1. Given (1) among the hydroxyl-bearing types (Ser, Thr, Tyr); (2) surrounded by 10 or more Cβ atoms within 10 Å (Cβ to Cβ); (3) free of Cβ contacts under 8 Å to residues at least 40 places away in the same chain, where does residue 64 come up short, assuming only one miss?
2. Pairs, please: C-beta under 7 Å, at least 6 apart or cross-chain, first residue closer than 20 Å to residue 66 by Cβ and in the stretch 18-37, second assigned to a loop (DSSP other than H, G, I, E, B)?
3. Please go through the stretch 1-39 and give me each residue that is under 18 Å from the mean Cα position of the chain (by Cα) and basic (Lys, Arg), ordered by number.
4. The conditions are (1) modelled with pLDDT under 85; (2) of a type in the set (Phe, Trp, Tyr); (3) under 26 Å from residue 15 (Cβ atoms), and residue 58 fails exactly one of them. Which is it?
5. Please state which one of 90, 25 is in a helix (DSSP H, G or I), among the β-branched types (Val, Ile, Thr), at pLDDT below 95 and surrounded by 11 or more Cβ atoms within 10 Å (Cβ to Cβ).
6. Could you check the stretch 37-57 and list, in sequence order, the residues that are touching a Pro at 6+ places or on another chain (Cβ under 9 Å) and assigned to a loop (DSSP other than H, G, I, E, B)?
Amino acid sequence: MRIGELARRAGVSTSRIRFYESRGILSPPERLPNGYRVYGDYDLKVLVFISRAQSLGFTLEEVTQHLRSPSGAARKPRFLSRLEVKLVEIDAHLEEVRARRQAIAEIISQLKEAGY
């Protein structure tokens, strides 16, 4: 598939694909005689993975490290560990937000009681 179709199917821009290529995150594609880039299903899977991981709070650097790590059994535990760390970070953030919400609710209550 050409870059436009890949971008559409992955839900990213063509410039994003070129950026990933320039950073070595996405392998350079084959080229047709006319210079058009040709991508395969694996490239689509990589782009979808990158988008999904970033939407879950992973940085592009973290995603890149995962993609560049050796394949096989060793990669899975490392990624699982990163997911678990991310979950702990999210839980901590949720606690902070809950505490701020509670503080604001208390201020509102106090102001209302004071006739504000």
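The values are calculated or read from the model by the stated rules, or taken from the named source; none is laboratory data. On a predicted model such as this, the values are computed, not experimentally measured, just so you know. Don't worry about glycine lacking a Cβ; one is built from the backbone with ideal geometry, like all the others, and counts go over all protein chains shown.
1. So residue 64 meets the others, but not (3).
2. Between residues of the stretch 18-37 that are closer than 20 Å to residue 66 by Cβ and residues that are assigned to a loop (DSSP other than H, G, I, E, B), the close pairs are 20/26; 21/28.
3. Matches in the stretch 1-39: 8, 9, 16, 18, 23.
4. The failed condition is (1).
5. Selected residue: 90, the only one of 90, 25 that is in a helix (DSSP H, G or I), among the β-branched types (Val, Ile, Thr), at pLDDT below 95 and surrounded by 11 or more Cβ atoms within 10 Å (Cβ to Cβ).
6. Selection gives 39, 40.
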